[in-house]
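What follows is one structure encoded as structure tokens, with my remarks underneath.
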Amino acid sequence: MSGQYGQKVICSQKGSSILLEGNVAEWTDVVAAGKMAAEIKGIKGVINKIECASVKKKRKAGGELTENVLKDRRVDVLIIGGGIIGCSIARELSKWDLDICLVEKEPDLAMHASSRNDGMIHPGLVPSPGSMKAKYNAKGNGMYETLSRELDFEYKRVGSLLLFDNRWLAPAYPILASRAEKNGVPSTEFLTGKKLKRFVNSKDAPSLNKSLESKWAVYIPSTGIVSPYKTTIAVCENAILNGTRLFLNTEVLSFERENDTIISCKTTKGDIHAKIIINCAGTASDEVAELAGDRFFTIHPRKGTILMIDRKRGHLTNTVLSMPNIIGKKDTKGGGIVPTVEGNLLVGPDAEEQPYKEDYSTSMCHIDAIVNQHFRLLEGIGKKDIITYFAGTRASTYLEDFIVEWSDTISNLFHVAGIQSPGLASAPAIAEDVSEKVVSKLKRMKDVREKVNWQATRKGIPRLAQMDPEQRSVYIIKRPDYGEIVCRCEEISKGEIRDALHSPIPVKTVDGVKRRVRAGMGRCQGGFCKPLVVEIIAEELQMDPLDITKKGRDSYILMRDVAVVENEKADSREEGDGNVV
Amino acid sequence: MKEMTCIVCPNGCRLKVEVADGNYVVDGNLCKRGISFAVQEIEDPRRSLCTTVKTVFKEIPRLSVRTDGEIKKEMLPLLMNSLRKVEITELLDIGAVILTDVLGSGVNVIATASLRQQMAYVKR
Amino acid sequence: MSYECDVLVIGAGPAGLAAAVAAYDTGARVEIIEREDRPGGILKQCIHDGFGVIRFGEKLSGPEYAARYIDMVEKRHIRIRTKTFVTHMEKKDGFFFTQLVSRTGIEMIKSRSVILAAGCRERTGRQIFIQGSRPAGILTAGTAQYFVNMKGYLPVKRCVILGSGDIGLIMARRLTLEGASVEGVYEIKPEPSGLPRNIAQCLEDFEIPLHLSHTVMRVNGENRVESVEVAQVDAAFQPINGTERVIPCDGLVLSVGLIPENELAESIGIEIDRSTNGPVVDQSLMTSVDGFFSCGNALHVNDLVDYVSESAEIAGRNAALKSGVKRELSRIKKSENFAYLVPQLVDMKRIEEKMIFYFRPGKSAGKGTLRIFGDGREIMKQVFKRLNPAEMERIEIEKDTLEHLNGEIRFDLTTEG
């Protein structure tokens, strides 16, 4: 390695991981060095501490106590991170008579990776057999049907069509099929010639571009789609229903250790003492590991941009479409066209190595790249059908696999880290496994029984626009608010918005409402409904409209009352952040 | 020579004004009003003001108002300030006088929406 | 629950109100559907004056203009169903079946005709591909106007406005009057989009700079807008490298175009004109679906509400008439110099009165000559001074000019300067 980079990178061994230190000019060099180290057989992970001059230090270090809410609470399990992983684990653990506490640093759940993906429940074809990803992917996929019924969230089994245009690669199908089988994918179908033509003309992919010279394809029936943030919220609401305590705006600051046990955790909302700590902190999971003195891996955040297509083009495909360029690479640019449960299409993601874990800004070059790569798959789709776009960052380790294991050095710390794609699909299976292991260890510490009255189901907010007229009428007659349309692009009623504001997880932001009931996600992107949503939040939660934010912290929608003149008195707004649990 | 855009009607004629022997010579106007506008604009620029005032009605918290004539251009911020202190407590109709003879100008501020008519719909 | 009427008007803004009055006066049973809690449409928040100069000979504010028509509707006891939203529409056996949702439940209205007068929505920053982050503080001019005029809140304290259309200019003035500061108005085209009088009374009066051939590329700021990045653009509207400038501000107000709201029309299979984004209509403003009419901003984006009322009256009158005669539609051919021309069709069987056409030129010109050809001969000519895509033009054609034609009708616009 010193050959490639001269004196700039120092490579050593730390525990079972490789430690990289030094200095390079560009971030791409940092990542390249990490990936090179990852090739070394048998290592546990890559700790990449190489410094890079061009990287600006953005994330504020630490934080401080804002309000002592936790007050030295003693719990059985502390889960760090309110994404799909943390929430799924909480739900599994809630089946037992345990004191479970989930802390999330943001004002709402699913504000990072769990809301910034295409909602695809991957079938399990892609991961390398024997990897952790392969262990959980297909299994998790198979659990979604039941979960969606129990937790009342939308899930559709849409299947996926992988199109290939190299005829000479067709003999690779048996390899794909064999990999699928090893990974537990229920079935795959090889389509070519007449069979492919028939499929292409079917209702599944009605607007697949006929001029595409795709010679063969693989159809995987078990691929599904969900709304990832609605699913995360549904899972957590059920966990809370079953006794889990959720603390938002709560960030872990440090751990206190006694030998090989964490005895205390300091957060921005006070101290908490847990028998077991589970690290599901997404892109910050390496930082949490570092705080515990157990960092054996490093997250390099790989950014992806996704485009959202107007619902009126949603009919162009009913199955996931992609045309992979290369098969088998660990971090393919991949992506494709994914229908959503609400009738939109999502296109992308692409992949860009960059240093900032929470930089979700978009750039035109990425949008153009995605348009160029995927729009040719469909007829009748154009740039003018894009109603919005967003980005997310994958919590990728250098070994590009999930970490689901106890800490080697700390007896009561469990890491569920490096969860990138297929994390959403794998979540239920990961949760089951983690729960089993954690409960098993807890049983050695205390008497742990199954919860007698554990409730498997949870009722979501009714989706009036999806109902048939008779059922919808019944709801409206019971509650007239359900008949007053606020978001006209998506047909969302005042009743649904009020339900969101009174749901088990306290939300007071415009984006929080949007994540729960879609108001603002249509083609006018909140142009008409944002003021109305602000008014409803103010009315329901007895808040001053000036205090209402888009996404917490200081993202205020309104700056001041017109009655106040700037130099007469200071901002009429209160100090301090919004959500307190 | 001064150039200006006439704001009297949507045509927005571009006017060129010159002073010759103490008289104004206006060019570019499509109608007579442009000439009087040009003269006024040079000697004593005036504007009308359209804004809103606060009401006590939760459902209709603002009432749109305007001046029923034009006031000196530099008085606009002062008028805005006076109007910030106003609070409407009755369901007024269009034309109701909110402020009379603002800042000694002889111009009134009148309501341009009917709170009465609008509130009837809200209250259904 | 279901009931019937002759003409169903969707929207109680200036277009819907005028259409309903005209339909009623022609003898139809009319019903108006409005999704907001009170009528008036967008005029409720357009508190500035300048409305009604042509229609009433007065300079009214938006709410005053709307009130004139609300008065007319009330005098005739035409029902306005507020807080009522159309969810579905179907045409069957010559009738329209419209599904409505309101606080009382779901209902179905059966009508002989429908007038879609639902106005338009604003183009978003995403549609023009503004990049960067998504903080609070990015909003369209109409939404900003709603916050300021309807609720009394400033959504920005120091902003950049993108787009020099009238709504952007009006908001530049409004925000400044309420104590916010507008750093500048940026316009991607080399000439302003709004009326010259608005440049004068909204920007010049308040010393707000106007930057032509500029656009906003990126927004920065995690939670709230912290700055925007602007750049100069070339003749192809592409950013010129090296001209980027970062402007600290807490808001970006977008006035980048209006899009007629026609999702409902499209759902029943109406033909849309891509140059207006509104339906293709004949001189009675009937669309390609018999009995379905369009008027106001839903048909094409107007500058003056006076013409909205005019077109609405044409639609209303015609929607109320019972015509058993099958249409004979002739598609008008137009030369390249038009941005658009409405109506796009002429029903040759029903040339019963003078016809009104609205158009916008494709580009600015000092003078333009409009020639109308029928069956190959020139049948009418009109000269227009100072053509500007930002200013919609109107031309009236007498009945006998078109009456006896049986061939192609062609509109030709030649410009100079």
Selection over region A:345-377 where residues are more than 17 Å from the chain's Cα centre (by Cα), away from every other protein chain (no Cβ under 13 Å) and open to solvent by less than 10 Å² (accessible area, probe 1.4 Å) yields a count of 3
Looking only at region C:127-139, which residues are within 9 Å of chain A (Cβ to nearest Cβ) and open to solvent by 30 Å² or more (accessible area, probe 1.4 Å)? C:Gln127, C:Phe129, C:Arg134
Sort out which residues of region B:42-56 are touching a residue at least 24 places away in the same chain (Cβ under 8 Å), within 12 Å of chain C (Cβ to nearest Cβ) and open to solvent by 30 Å² or more (accessible area, probe 1.4 Å), and write them in order of number. B:Pro45, B:Arg46, B:Lys54
Give the residue that is nearest to C:Tyr146 (Cα to Cα), with candidates limited to residues of region A:532-565 that are over 30 Å from the mean Cα position of the chain (by Cα) and of a type in the set (Asp, Glu). A:Asp561
The strands (runs of 3 or more DSSP E) lying wholly within region C:340-417 that contain at least 3 residues that are over 19 Å from C:Asp306 (Cα atoms) and in contact with a strand residue (DSSP E or B) (Cβ under 6 Å, 6 or more places away or on another chain) are C:345-347, C:365-374, C:377-387, C:409-416
Scan C:Lys157, C:Lys151 and give me the residue that is facing chain A (nearest Cβ under 7 Å), touching a strand residue (DSSP E or B) at 6+ places or on another chain (Cβ under 8 Å) and surrounded by fewer than 19 Cβ atoms within 10 Å (Cβ to Cβ). C:Lys157
Being part of a helix (DSSP H, G or I) and either within 15 Å of the chain's Cα centre (by Cα) or not assigned by TED's automatic domain parsing to the domain that holds B:Lys16 (or both) narrows it down to one of B:Leu92, B:Leu76, B:Leu63, so name that one. B:Leu76
Any residue at all in region A:535-543 that is part of a loop (DSSP other than H, G, I, E, B), of a type outside the set (Phe, Trp, Tyr) and at pLDDT below 95? no
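Select, from A:Pro174, A:Pro221, A:Pro228, the only residue that is open to solvent by 40 Å² or more (accessible area, probe 1.4 Å) and at pLDDT 85 or above.
A:Pro174
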Under 15 Å from the mean Cα position of the chain (by Cα) and farther than 21 Å from A:Asp561 by Cα - does that describe any residue in region B:18-32? no
Of those in region C:218-272 that are acidic (Asp, Glu) and closer than 24 Å to C:Phe147 by Cβ, the residue farthest from the chain's Cα centre (by Cα) is C:Glu222
Filter region A:390-436 down to the residues that are small (Gly, Ala, Ser), over 27 Å from A:Cys365 (Cβ atoms) and under 17 Å from the mean Cα position of the chain (by Cα) and list them by number. A:Ala417, A:Gly418, A:Ala425, A:Ser426, A:Ala427, A:Ala429, A:Ala431
State which residue is nearest to C:Lys83 (Cα to Cα) when the search covers only region B:73-93 and only residues that are open to solvent by 40 Å² or more (accessible area, probe 1.4 Å) and touching a strand residue (DSSP E or B) at 6+ places or on another chain (Cβ under 6 Å). B:Glu87
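Residue by residue, here is whether (1) among the polar types (S, T, N, Q); (2) open to solvent by 50 Å² or more (accessible area, probe 1.4 Å); (3) touching a Ser or Thr at 6+ places or on another chain (Cβ under 6 Å); (4) assigned to a strand (DSSP E or B) holds:
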residue: A:Asn68; (1), (2), (3), (4): yes, yes, no, no
residue: A:Ile79; (1), (2), (3), (4): no, no, no, yes
residue: A:Gly82; (1), (2), (3), (4): no, no, no, no
residue: A:Ile89; (1), (2), (3), (4): no, no, no, no
residue: A:Ala110; (1), (2), (3), (4): no, no, yes, no
Hey, among C:Arg386, C:Arg371, C:Arg377, C:Arg327, which residue is open to solvent by less than 40 Å² (accessible area, probe 1.4 Å) and among the basic types (Lys, Arg)? C:Arg327
Tell me the residue from C:Thr104, C:Thr82 that is within 14 Å of chain B (Cβ to nearest Cβ) and over 22 Å from C:Gly13 (Cβ atoms), please. C:Thr104
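Okay, residues lined up against (1) within 14 Å of chain C (Cβ to nearest Cβ); (2) modelled with pLDDT of 95 or more; (3) not in a loop (DSSP other than H, G, I, E, B):
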| position | (1), (2), (3) |
| --- | --- |
| A:Pro428 | no, yes, yes |
| A:Ala431 | no, yes, yes |
| A:Val439 | no, yes, yes |
| A:Lys459 | no, yes, no |
| A:Gln471 | yes, yes, yes |
| A:Ile477 | yes, yes, yes |
Might you check whether a residue that is out of contact with any strand residue (DSSP E or B) (no Cβ under 7 Å at 6 or more places or on another chain), outside any loop (DSSP other than H, G, I, E, B) and at the interface with chain C (Cβ under 9 Å from one of its Cβ atoms) occurs anywhere in region B:13-28? no
Pairs, first at pLDDT below 55 in region A:320-338, second polar (S, T, N, Q), C-beta under 9 Å, six or more apart: A:Ile326/A:Thr332; A:Gly328/A:Ser128; A:Lys330/A:Ser128; A:Asp331/A:Ser396; A:Asp331/A:Gln420; A:Thr332/A:Asn325
Per-region count, region A:51-65, residues open to solvent by less than 90 Å² (accessible area, probe 1.4 Å) and either touching a Pro at 6+ places or on another chain (Cβ under 9 Å) or modelled with pLDDT of 95 or more (or both): 3
Residues located in region C:189-243, provided they are acidic (Asp, Glu) and open to solvent by less than 40 Å² (accessible area, probe 1.4 Å): C:Asp205
For a quick check of your reading of the model, give me the residue pairs whose first member lies in region C:24-41 and is within 14 Å of chain B (Cβ to nearest Cβ) and under 19 Å from C:Ala319 (Cβ atoms), whose second is open to solvent by less than 50 Å² (accessible area, probe 1.4 Å) and aromatic (Phe, Trp, Tyr), with beta-carbon atoms closer than 8 Å and at least 6 apart or on different chains. C:Ile33/C:Phe85; C:Pro39/B:Tyr121
Output the residues belonging to region A:460-505 that are in contact with a Leu (Cβ under 9 Å, 6 or more places away or on another chain), free of Cβ contacts under 8 Å to residues at least 60 places away in the same chain and open to solvent by less than 20 Å² (accessible area, probe 1.4 Å). A:Arg472, A:Ile476, A:Tyr482, A:Gly483, A:Val486, A:Cys487, A:Ile492, A:Ser493, A:Gly495, A:Glu496, A:Ile497, A:Leu501
Exactly one condition in (1) open to solvent by 40 Å² or more (accessible area, probe 1.4 Å); (2) modelled with pLDDT of 95 or more is false for A:Gly119; which is it? (1)
Does region B:27-41 hold any residues that are buried (at least 19 other Cβ atoms within 10 Å of the Cβ) and either among the hydrophobic types (A, V, I, L, M, F, W, C) or touching a residue at least 60 places away in the same chain (Cβ under 8 Å) (or both), and which are they? B:Phe37, B:Ala38
Six or more apart or on different chains, Cβ atoms under 9 Å: show the pairs whose first residue is in region A:178-199 and of a type in the set (Asp, Glu) and whose second is in a helix (DSSP H, G or I) and open to solvent by 50 Å² or more (accessible area, probe 1.4 Å). A:Glu189/A:Lys195
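The values are calculated or read from the model by the stated rules, or taken from the named source; none is laboratory data. On a predicted model such as this, the values are computed, not experimentally measured, just so you know. Every residue, glycine among them, receives a Cβ derived from its backbone with ideal geometry; neighbour counts consider all protein chains shown. Calculation scope for accessible area: heavy atoms of the full protein, side chains included, ligands and nucleic acids excluded. Shrake-Rupley method; radii C 1.70, N 1.55, O 1.52, S 1.80 Å.
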